[in-house]
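The values are calculated or read from the model by the stated rules, or taken from the named source; none is laboratory data. Quick caveat, the model's predicted, so the values are computed rather than measured. Glycine gets a Cβ as well: all are built from the backbone with ideal geometry, and neighbour counts include every protein chain shown. Calculation scope for accessible area: heavy atoms of the full protein, side chains included, ligands and nucleic acids excluded. Shrake-Rupley method; radii C 1.70, N 1.55, O 1.52, S 1.80 Å.
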Amino acid sequence: AVVDAGPGAYTGVTSLQVLLGLTIPAGALGPNGVLRVTVKWNYANSAGTKLIAVLFGGSNLYSPSRTTSLSEGQMFTLQNRGSQSIQLGQSGALLSQAAATSHPVFAINTALAQNLIFQSTQNTATDFSMIEGVLVEIIPG
């Protein structure tokens, strides 16, 4: 007879979790500079919803909702447009991805230091999301 079946099920967190936070220094991009971000995610392959997101200066750059997949990677850019306070993003997660929408425009003052935040939320306590790797490039211009 089994006396102890083990520690039981894993119970995680279902609230928003900041997985990584970086500060992009004030003025680092210049008026025509580019912020290029490459990130690799892993998460539970389950029916539970996992929301992963990347924010810059409080603006949402990328935030897909995932269920029955296991991993993904993105590379995206944010480019100042002749000013440190207006940027052109991209409509897809990959630089070569076609999209049915135009590129988003942001109004983030990069003359000031801005936070780059990677976060996730799981709606099921037995799910998880994690970052396997991040590359952040500041290309002044």
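In square angstrom, what is the accessible area per residue of the chain with a 1.4 angstrom probe? Could the numbers behind the result be given before it?
Details: 7600 Å² over 141 residues.
Ligands and nucleic acids excluded, the figure is 54 Å² per residue.
Working note: Karplus 6.51/-1.76/1.60 with θ = phi - 60° gives segment 38-51 the couplings 10, 9, 10, 10, 10, 7, 5, 8, 8, 6, x, 7, 10, 9 Hz, where Gly and Pro are set to x.
Take the Cβ-Cβ distance between residue 113 and residue 19 as r, set R0 to 25 Å, and report the resulting FRET efficiency rounded to the nearest 0.05. Could the numbers behind the result be given before it?
On the way: r = 20 Å, r/R0 = 0.81.
FRET efficiency, residue 113 to residue 19: 0.80.
In the chain, the portion of solvent-accessible area held by carbon and sulfur atoms comes to 55 percent [1.4 Å probe, whole percent, DNA, RNA and ligands not counted].
I want the local charge near residue 72. Using Cβ-Cβ distances under 11 Å, sum +1 for each Lys or Arg and -1 for each Asp or Glu among the other residues. Within the 11 Å Cβ shell, the charges total +2. Across the chain, the relative contact order, built from alpha-carbon pairs under 8 Å that are at least six residues apart, equals 41 percent.
Using the beta-carbon distance between residue 10 and residue 136 and R0 = 30 Å, what value does 1/(1 + (r/R0)^6) give for FRET efficiency, to the nearest 0.05?
Details: r = 31 Å, r/R0 = 1.02.
According to the calculation, E is roughly 0.45.
Across segment 17-27, computed HN-Hα scalar couplings (Karplus, 6.51 cos²θ - 1.76 cosθ + 1.60, θ = phi - 60°) run 10, 7, 8, 7, x, 10, 10, 8, x, 4, x Hz from first to last residue, x flagging Gly and Pro.
What residues qualify as long-range amide H neighbours of residue 27, i.e. H under 5 Å apart, gap of 5 or more or another chain, H built at 1.01 Å from N? So residue 27 has HN proximity to 111, 112. What's the whole-number percent of alpha carbon pairs in segment 10-139 lying beyond 26 angstrom? Summing the P(r) of segment 10-139 above 26 Å gives 25 percent of all pairs. A Förster radius of 35 Å combined with the Cβ-Cβ distance from residue 125 to residue 99 puts the calculated FRET efficiency at roughly 0.55.
List every residue whose amide H lies under 5 Å from the amide H of residue 62, counting only residues 5 or more places away in sequence or on a different chain, with H placed 1.01 Å from N in the peptide plane. Amide H neighbours of residue 62, under 5 Å, 5+ apart: 54.
3J(HN,Hα) along segment 67-84: 10, 8, 9, 10, 7, 6, x, 9, 9, 9, 10, 9, 10, 5, 10, x, 8, 7 Hz, from the Karplus curve 6.51 cos²θ - 1.76 cosθ + 1.60 with θ = phi - 60°, whole Hz, x for Gly and Pro.
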